[in-house]
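Novice: Please read through the structure below; I'll follow up with questions.
A short reminder: the numbers here are calculations on the coordinates, not readings from a lab. Keep in mind it's a predicted model, so treat the numbers as computed, not measured. Note that each Cβ is placed from the backbone with ideal geometry, even for glycine, and that neighbours are counted across all protein chains shown.
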Amino acid sequence: MSRQIIECVPNFSEGRDPRVIAEIVESVRSVPGAALLASESDPDHHRSVLTIAGEPEPVVEAAFRAAATAALHVDLNHHRGVHPRIGATDVIPLVPVANITMEECAALAHRLGRRIWKELSIPVYFYEAAAMRPERRRLEVVRKGGFEALRDAAADAARQPDVGGPQPHPTAGATAIGARKFLLAFNINLATADVEIARAIAKSIRTSSGGLPHVKAMGVLLASRGLAQVSMNLTDHEVTPLHTVYELVARQAAAHGVSIAGSEIIGLMPGAALAQAAAHFLKCENYRRESILESRLITALIG
């Protein structure tokens, strides 16, 4: 029988204390069969993103242990960063990679959420394919207003968590757990500290404002670097590829008299997404996904 493989990309509200980050990372490494593929931290976002992959059981166990570790060390009452957040472990998305369906990943998300509430007393919201309410499919709806809004609106039935509650955990907040496709976390840094330019560009390109499909974007200031950033999540790179987003941001930045200082990938992304952008800029006429060696190897070895 072919192995089932999933990816998990938990985000933690700690990007400045290397000791806490190391403990979260070690809690993942303590689980046999859960491969830690990447760990990235950003002090301005005050956030760390881990990428874990493997068979479902060890990956879900690793996500739980990391959430338990974060709950011990992160106090949202004292947390300040430019990225929205509702919890010490802010989001835990599960992504089907091989021989597993989205529905099965949603079931894993529900089971993990119930355990987090039962053992850690942290309320849970389910989003994307794991959503229990249609209005909660979009993560930004769940996370609107952040930890403080959830805490202050505990009596509002519309803001009640799917598991646990009604109050968020006093220090660890709440956690959003979902099942989704691969997501590209892609940021473009502008050669300016004027965050209003980044916010204007973000508003014009994001789906919710009538921009590009499958694009979530916000403009933030990276104080430690003196740069404004268009921070984005691309939720379907086959519909809206990297090069389309990059070229539109570049054109709009130029209209403001600003150049692009650079871009960055947060976490990991499928090689096909980068290859698609490279093929576009190289004007490669015969590019196909099947041209990627690694894709052929994965298909041959995993099935």
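Novice: In terms of Cα to Cα distance under 16 Å, which lysines are near enough to residue 216, apart from those fewer than 8 places away along the same chain?
Specialist: Of all the lysines, those that pass the test against residue 216 - Cα under 16 Å, at least 8 places apart if same chain - are 144, 181, 203.
Novice: What does the charge count near residue 181 come to, summing +1 for each Lys or Arg and -1 for each Asp or Glu among other residues with Cβ under 11 Å from its Cβ?
Specialist: Once positives and negatives cancel, what remains is -3.
Novice: Based on alpha-carbon centroids, what's the gap between segment 232-262 and segment 104-119 in Å, whole number please?
Specialist: When both Cα centres are located, 36 Å separates them.
Novice: Among the GluC sites (Glu not before Pro) in segment 186-273, which ones are in a DSSP loop with at most 15 other Cβ atoms within 10 Å of the Cβ? Mind listing them?
Specialist: 238
Novice: Then there is this: Rank 282, 190, 37 by mean-square fluctuation in a GNM of the chain with C-alpha springs under 10 angstrom and give only the top-ranked residue.
Specialist: 282
Novice: Still on this structure: Let's see if you can work this out: charge +1 on each Lys and Arg Cβ, -1 on each Asp and Glu Cβ, no other charges. What is the dipole magnitude of segment 184-301 about its Cα centre, in debye to the nearest 20?
Specialist: Working: 10 positive and 9 negative charges, 23 e Å.
That gives segment 184-301 a dipole magnitude of about 120 debye.
Novice: Now for a different question. For Cα extents along the principal axes in Å, the listed values are (1) 51, 43, 42; (2) 53, 51, 39; (3) 47, 42, 38; which was obtained by calculation from the structure presented?
Specialist: (2)
Novice: Just in segment 1-42: which trypsin sites (Lys or Arg not before Pro) are loop by DSSP and have at most 14 other Cβ atoms within 10 Å?
Specialist: 3
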